[in-house]
Amino acid sequence: MTDLTTPSIVHLESAGTALVLEPRPGGSGLPEVIHWGPVLEGGASTYAALAALTTAPAPPSALDEPWPLTVLPGEADGWAGTPGWAGHRAGGAGAVRWHDVSCSAEGGALVTRATSADGIRLELRHALDEHGVLRVDAAVTNTAVADVPLDVAALRAILPLPVRADEVLDLTGRWCRERSPQRSRLDHGTHLRASRRGRTGHDATLLLMAGTRGFDWGTGEVWAVHTAWSGNHEHLVESLPEGAGRHHAVIGGGELLAPGEVRLGPGETYAAPTVVFVHSTEGLDGLSRRLHRSLRARAGHPSRPRPVVLNTWEAVYFDTDLDQLKALADQAARIGVERFVLDDGWFGGRRHDRAGLGDWVVSADVWPEGMHPLVDHVKGLGLEFGLWFEPEMVNEDSDLVRAHPDWVLRPAAGAPREWRWQQLLDLTNPAAYDQLLERVSALVAGLGIDYIKWDHNRDLLEAVHTVGEADGSGRRVDAPAVHEHTLAYYRLLDDLRARHPRLEIESCSSGGARVDLEVLDHTDRIWTSDCNDALERAAIQRWTSLLVPAELMGTHIGPATAHTTHRTLDLGFRMLLALQGHPGLEWDITGCTDDELTALTAWTALARELRPLLHTGDLVRSETPDGTVLVTGTVDADRTHAAYTIARLVTGRDAVTGCVPLPGLDPTRAYAVRLRPEAGLAAVVQNTGPAWWEQALAADGVRVPGSVLSGVGLPLPVLAPAQGYLLEVQAR
């Protein structure tokens with residue numbers, strides 16, 4: 001019997017996920033990726049056999065012998081698709097042959113090192129954490145002695161997909177409609193999602209996913225990629241007619257670099273953003289479970305309970321009157337709010353959005369006695385105080401730009417087109433960076449600010465800075481700046497938090513246009529969307545939660561009539577949807593009725609009661625076949641406690657929806673099911689309700705076997721559109 005095992009195999013296994021590499025003999029080339037996906041029984045011996053058993057055939061009119069899909073695939077390997085590496089020296093050929101290759105296990109990761117004959121050193125690190133999340137970090141160093149720069153065009157992380165992954169799911173969006181799903185077949189060609197917006201973007205896919213046909217929330221096998229970067233970036237799934245070595249297709253991502261953006265002198269290194277890969281055999285919920293658990297295991301993850309927030313924007317807009325703000329804070333404290341955040345309009349000449357941006361000084365016109373009267377009042381009520389900034393942007397009509405016009409990031413030909421009457425401050429300019437850091441830091445210290453809402457309201461168009469005589473010709477050269485600006489932004493956040501360790505920062509970018517795993521490593525939550533219409537939010541929050549756990553996702557109750565859609569919704573539905581993340585309000589509650597204030601007081605108490613579950617548990621999601629009713633649940637680790645939001649969006653095709661299961665529960669246990677009216681009781685259109693409904697309103701709820709809840713479900717009442725309810729489920 002022939003022994004087909006390959007002794008040189010190296011692999012990682014964790015939480016049911018495996019990565020298997022085969023180093024090339026004698027370090028003659030980069031390791032081949034043999035497998036990324038589910039753990040296979042038998043471990044090392046099975047993976048060694050897999051390498052030999054799955055060698056691909058060589059079809060006619062193609063390479064004469066089978067070729068490997070390596071950890072950084074390129075033409076020299078036989079790969080005709082999107083390359084892992086692209087670059088050149090002064091326009092010279094960019095083809096690279098990697099030599100002196102080593103691949104070893106180091107600290108729970110597989111580290112590949114290699115060099116090229118023309119002076120490039122490569123290091124690749126594949127690290128699989130305890131939750132099955134794979135992070136790939138890549139770096140190249142220019143080791144050439146000659147003073148010829150190395151231009152980096154791309155350094156992507158790419159992994160294989162099997163033939164059973166034949167559908168692609170990604171997300172798109174726009175302002176106030178972020179994270180809209182779109183699904184397609186995995187056909188030949190490149191499914192490329194490229195963002196050149198200078199920020200993550202309202203249309204960012206968050207995760208690009210490929211999976212088995214019909215994969216859904218709780219079913220199917222899925223492979224996904226996320227580029228952890230807040231600047232220009234790309235995600236791709238690619239299938240060629242001849243396949244990808246022993247595999248069917250590839251999935252990957254990386255930073256999207258402009259020509260000349262990364263030019264390495266001798267000894268300089270480019271470290272690519274981390275690219276995150278996740279595999280699940282339990283559908284999209286399985287992806288989220290791995291990602292959320294991985295995020296929660298970070299040393300810097302928010303550890304204290306997330307305070308209920310009131311943000312003033314939709315309450316007062318630019319009308320920052322002290323007496324009105326004090327009254328708003330008084331009302332907020334009475335209903336149980338824990339953090340008061342003053343939004344735009346408090347500084348410089350900022351009475352509207354066309355002037356004053358960049359002048360980070362408390363306006364003497366608005367605050368003749370300074371801002372301390374408000375801050376002291378808020379803190380005297382026992383609330384934390386937060387303040388809005390947009391540090392990276394400036395108005396042309398500002399004292400800063402009048403004093404330092406050269407601090408605006410613009411090409412030599414003139415300013416880029418305005419967006420919300422804004423331009424970008426050049427954070428790569430040390431003087432601009434230092435002044436910004438000092439002014440924001442001084443306000444944090446002087447006012448005792450607990451929280452910053454950090455906004456970023458435009459795409460970066462023509463984001464270049466002008467360099468005099470950079471090419472030695474005497475001409476002025478426009479140098480791309482998105483990469484360096486993004487790094488400076490991260491550094492600014494880190495410097496500010498180093499000075500003020502208790503300070504929390506929210507990443508807001510005209511809503512949800514800067515949502516990615518790297519920004520979450522430098523901040524404490526994201527603002528999910530500028531749209532506070534709860535009906536729109538149902539989908540926005542659902543798809544954002546693929547990547548972002550509830551405690552990092554800002555979800556607020558807005559006014560009855562949403563200012564972005566002009567749709568009017570019941571308070572109960574708005575309260576219900578706001579419980580799905582880090583809850584708060586953005587509403588002038590000084591005008592609320594007594595009934596509304598009573599309801600909000602009960603709602604904030606419920607938010608505090610349930611946040612230990614909602615901000616640590618695993619998400620489970622499902623929906624009715626027609627998509628008109630969404631079920632969103634959070635289940636604790638031992639499946640003893642859960643909460644489910646059942647939300648009807650629009651009328652359904654059937655008069656009676658039928659029984660809707662509650663996923664994620666233990667079928668061997670019995671549970672007490674309780675309706676929580678503090679989240680709002682739904683309006684119904686029915687002659688009689690389901691038998692369990694009234695019993696579930698009792699303090700001890702209705703007792704139901706777990707097998708019934710998860711396998712059959714409970715019949716829904718006949719809900720009116722934009723109505724829903726919250727079920728709390730506890731093992732008995």
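Taking a probe of 1.4 angstrom, what is the accessible area of PHE318 in Å², to the nearest 10?
In the full protein context, PHE318 sits at about 50 Å².
Could you tell me the calculated FRET efficiency between ALA560 and ALA699, based on Cβ-Cβ distance and R0 = 22 angstrom, to the nearest 0.05?
On the way: r = 30 Å, r/R0 = 1.39.
Here the calculated transfer efficiency is 0.10.
How big is the C-alpha Rg of region 387-511 next to the rule-of-thumb value 2.2 N^0.38 Å, as a ratio? Spell out each step's value before the answer.
Values: Rg = 15.3 Å, N = 125, 2.2 N^0.38 = 13.8 Å.
In units of the 2.2 N^0.38 Å rule of thumb, it is 1.11.
Taking the alpha-carbon centroid of each part, what is the distance from region 417-467 to region 597-626 in angstrom?
35 Å
Cα-based Rg of region 70-219 per 2.2 N^0.38 Å, rounded to two decimals? Walk me through the numbers on the way to the answer.
Details: Rg = 18.4 Å, N = 150, 2.2 N^0.38 = 14.8 Å.
Here the Cα radius of gyration is 1.24 times the empirical estimate.
Taking only protein heavy atoms into account and a 1.4 Å probe, give the accessible area per residue of region 389-445 in Å².
Details: 2390 Å² over 57 residues.
With all protein chains present, region 389-445 gives 42 Å² per residue.
Rounded to two decimals, what ratio of Rg to Rh does region 1-153 give with C-alpha atoms and a Kirkwood Rh?
Working: Rg = 16.8 Å, Rh = 16.8 Å.
My calculation of the ratio gives 1.00.
What nm value, rounded to one decimal, do you get for the distance between ARG185 and GLU369 when each label is placed 7 Å out toward the C-beta?
Using points 7 Å along Cα→Cβ, the separation is 7.2 nm.
Just to verify a number: FRET efficiency for TYR317 and VAL145, C-beta to C-beta distance, R0 = 60 Å, to 0.05? Mind dumping the intermediate values first?
Numbers: r = 60 Å, r/R0 = 1.00.
Efficiency computed from Cβ-Cβ geometry: 0.50.
Å³ per residue of the Cα convex hull, for the chain? Present the calculation step by step, with values, prior to reporting the outcome.
Details: hull volume 125.6 nm³, N = 732.
Cα-based convex hull of the chain, divided per residue, equals 172 Å³.
Leaving out ligands and nucleic acids, note down the accessible area per residue over region 570-611 with a 1.4 angstrom probe, in whole Å².
Working: 1320 Å² over 42 residues.
Roughly 31 Å² per residue, with all protein chains present.
Considering only C-alpha atoms, what is the centroid distance from region 99-171 to region 190-217, in Å?
So the two Cα centres are separated by 21 Å.
For LEU585, what residues show an amide H to amide H distance below 5 Å, using hydrogens built from the backbone and excluding near sequence neighbours?
VAL309, LEU310, ASN311, ILE557
Report, please, the projected area of region 589-690 averaged over directions, based on the convex hull of its C-alpha atoms, in nm². Let's see the in-between values first.
Numbers: hull surface 34.3 nm².
Here the figure is 8.6 nm², rounded to one decimal.
Sorted by accessible area with a 1.4 angstrom probe, largest first, how do TYR317, TYR451 fall?
Numbers: TYR317 80, TYR451 5 Å².
Sorted descending by solvent-accessible area, the residues read TYR317, TYR451.
When only DSSP loop residues count, what GluC sites (Glu not before Pro) in region 390-498 have their Cβ near at most 14 other Cβ atoms within 10 Å? Please list the in-between numbers first.
Details: sites: GLU392, GLU396, GLU418, GLU438, GLU462, GLU469, GLU484; in loops: GLU392, GLU396, GLU418, GLU462, GLU469.
Passing both the DSSP loop test and the Cβ count: GLU418, GLU469.
Starting from region 545-647, pick out the trypsin sites (Lys or Arg not before Pro) whose DSSP state is loop and whose Cβ has at most 16 other Cβ atoms within 10 Å.
Numbers: sites: ARG567, ARG574, ARG608, ARG621, ARG639; in loops: ARG567, ARG639.
In loop regions of region 545-647 (DSSP not H, G, I, E or B), the sparsely surrounded trypsin sites (Lys or Arg not before Pro) are ARG567.
What are the residues whose amide H is under 5 Å from the amide H of VAL660, where those residues sit 5 or more places off or on another chain and H is modelled from the backbone?
Close amide H contacts, sequence-distant or interchain: LEU714, LEU716.
Starting from the Cα of THR269, step 7 Å along the direction of its Cβ; do the same at ALA637; then give the gap between the two resulting points in nm.
3.5 nm
For GLU418 and GLN324, FRET efficiency with R0 = 25 Å and r from the beta-carbon atoms, rounded to 0.05?
Numbers: r = 31 Å, r/R0 = 1.24.
Once the sixth-power term is evaluated, E becomes 0.20.
For region 519-565, what % of the accessible area comes from carbon and sulfur atoms, probe 1.4 Å? Don't skip to the end; give the middle numbers.
On the way: 380 of 750 Å².
C and S atoms contribute 50 percent here.
As a test question: what accessible area, to the nearest 10 Å², does THR219 have when a 1.4 Å probe is rolled over all protein chains in place?
Counting only protein heavy atoms, the figure is 80 Å².
For THR143, what residues show an amide H to amide H distance below 5 Å, using hydrogens built from the backbone and excluding near sequence neighbours?
ILE120, ARG121, GLY267
Extension gain LEU613-ARG491, at 0.36 nm per residue separation less the Cα-Cα distance, in nm? Intermediate results must be reported in sequence, preceding the final value.
On the way: separation 122, 0.36 × 122 = 43.92 nm, distance 3.33 nm.
Roughly 40.6 nm would be gained on extension.
To the nearest 10 square angstrom, how much accessible area does MET209 have with a 1.4 angstrom probe?
Approximately 0 Å² of MET209 is accessible to the 1.4 Å probe.
The values are calculated or read from the model by the stated rules, or taken from the named source; none is laboratory data. Quick caveat: nothing in here was measured; it's all calculated off a predicted structure. Don't worry about glycine lacking a Cβ; one is built from the backbone with ideal geometry, like all the others, and counts go over all protein chains shown. Remember, those area values only see protein heavy atoms, side chains included, never the ligands or the DNA or RNA. Shrake-Rupley method; radii C 1.70, N 1.55, O 1.52, S 1.80 Å.
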